[in-house]
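For reference, the structure is listed below as structure tokens.
The values are calculated or read from the model by the stated rules, or taken from the named source; none is laboratory data. All values derive from a computational prediction rather than experimental measurement. No Cβ is skipped: glycine too gets one built from the backbone with ideal geometry, and neighbour counts run over all protein chains shown. Remember, those area values only see protein heavy atoms, side chains included, never the ligands or the DNA or RNA. Shrake-Rupley method; radii C 1.70, N 1.55, O 1.52, S 1.80 Å.
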Amino acid sequence: EPEVTQTPSHQVTQMGQEVILRCVPISNHLYFYWYRQILGQKVEFLVSFYNNEISEKSEIFDDQFSVERPDGSNFTLKIRSTKLEDSAMYFCASSVGGANSPLHFGNGTRLTVT
Amino acid sequence: QKEVEQDPGPLSVPEGAIVSLNCTYSNSAFQYFMWYRQYSRKGPELLMYTYSSGNKEDGRFTAQVDKSSKYISLFIRDSQPSDSATYLCASPGGGSNYKLTFGKGTLLTVNP
């Protein structure tokens, strides 16, 4: 069964550094998402992306965050200057699209900011 | 406003038991509801999704929505140790399909 893959599985970085989290969505999916889960808290929506542009973003997704689909297969999340509070699991998801199409999640990247 | 609420548990049951997992939601515009299963150190895996009120069955799993009370449930029959995971309810809300609102998740342990 096709799946969403994320790399790396764990990223450790120092505060103030830039990080790029990478995702390969399911190949025939058209909608792409990033969610995050701080330890012990809910899974939270960050951003959705369709047709090479952001379709919706949450208040968490400030100017420090950006997303890109640099080629036909990868989808990336960049954090320009990481803060301690950015430490979380970051999940990429994709969906075929259309009304209420279910989201398929990757296994996440654990980001630790020291 | 807390839009999707879920008792975090933990819930521990013996193998073979019927498990009932529940969520409440506050926004009456919510129409679609999903249940995800999340194993430790893994991403959420879609189990079932339902629209509006009523029941939907898939093998040992039944999802139920009661819109009058804003209550959604997931029942697991003949529970197995492999069902041990965190179960998350979610809804895309009344607006965009893209923005899922999740409950906090209920940690379930099925003991052999």
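Averaged over the residues of peptide A:30-43, the number of Cβ atoms from other protein chains lying within 10 Å of each residue's Cβ is 3. When A and B come together, around 2000 square angstrom of accessible surface is lost from both chains combined, probe 1.4 Å. Excluding ligands, DNA and RNA, the accessible surface per residue across region B:1-75 is 54 Å² with a 1.4 Å probe.
List the residues of region B:23-42 that lose 30 Å² or more of accessible area once all protein chains are present, compared with their chain alone (1.4 Å probe, heavy atoms only, no ligands or nucleic acids). Residues passing the criterion (a loss of at least 30 Å², heavy atoms only) are B:Y32, B:Y36, B:Q38, B:R41, B:K42.
Exposed loop positions in chain B were taken to be GluC sites (Glu not before Pro) whose DSSP state is not H, G, I, E or B and which have at most 16 other beta-carbon atoms within 10 angstrom. Between these positions, the longest stretch is B:16-112.
Size descriptors for the protein assembly as shown, from the alpha-carbon set: Rg then Dmax equal 17.6, 51 Å. Along its principal axes, chain B has C-alpha extents of 42, 29, 20 angstrom, given from the largest down. In a Gaussian network model over chain A where Cα atoms closer than 10 Å are linked, find which of A:G72, A:G16, A:G40 has the largest mean-square fluctuation. Checking each option, the largest mean-square fluctuation is seen for A:G40. Expressed as a fraction of 2.2 N^0.38 Å, the C-alpha radius of gyration for region A:60-114 is 1.30. The reciprocal of the average 1/r between distinct C-alpha atoms defines the Kirkwood hydrodynamic radius, which for chain A equals 14.1 Å.
Karplus-derived 3J(HN,Hα) values for region A:79-92, using 6.51 cos²θ - 1.76 cosθ + 1.60 with θ = phi - 60°, are 10, 6, 9, 5, 10, 4, 6, 7, 4, 5, 8, 10, 10, 9 Hz; glycine and proline are entered as x.
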